[in-house]
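The values are calculated or read from the model by the stated rules, or taken from the named source; none is laboratory data. This structure is a prediction, so every number in the text was calculated from the model and none was measured. With ideal geometry, Cβ positions are generated from the backbone for all residues, glycine too; neighbour counts draw on all protein chains shown.
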Amino acid sequence: MTVHPTLINRRKQNSNRVHAMRRLRGQDVCPIIELSKAPMKTRFGMKSRPEFRIVDWCTFGGGGKAAIEDKAAGMHEVEQPSLKEELNDDVPWLG
């Protein structure tokens, strides 16, 4: 099985986003993902493939050990990091 370099790059981007958010907000932060589709070129023409998009972030109250059956138990929304937090620098003209 051959994996196209673009797909590997997209997976790394999601992985990097998770690592960055956990660095800023703590290890209990989890991404909320949405299953979508994206075009994929194959030797048989264009096909669709699954794509996981990170749409939001949350934490679980039990240290990340919430039961799968009870999805809403202990789940708290996490706010997006500011540009100042991401860059670890104060950029006054960007607001």
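Part of a loop (DSSP other than H, G, I, E, B) and without any contact (Cβ under 8 Å) to a residue 40 or more places away in the chain: is that true of Gln13 in this structure?
On the way: part of a loop (DSSP other than H, G, I, E, B): no; without any contact (Cβ under 8 Å) to a residue 40 or more places away in the chain: yes.
Here the answer is no, as Gln13 does not meet what is asked.
Within segment 20-37, being touching a strand residue (DSSP E or B) at 6+ places or on another chain (Cβ under 6 Å), among the aliphatic types (A, V, I, L, M) and in a helix (DSSP H, G or I) holds for one residue alone: Met21.
Hey, among Ser48, Ser36, which residue is of a type in the set (Gly, Ala, Ser), over 20 Å from the mean Cα position of the chain (by Cα) and modelled with pLDDT of 90 or more?
Numbers: Ser36 fails: over 20 Å from the mean Cα position of the chain (by Cα).
Within the list Ser48, Ser36, the selection yields Ser48.
Residues that are exposed (fewer than 10 other Cβ atoms within 10 Å of the Cβ) and of a type outside the set (Lys, Arg) within segment 43-56 comprise Phe44, Gly45, Met46, Pro50, listed in sequence order.
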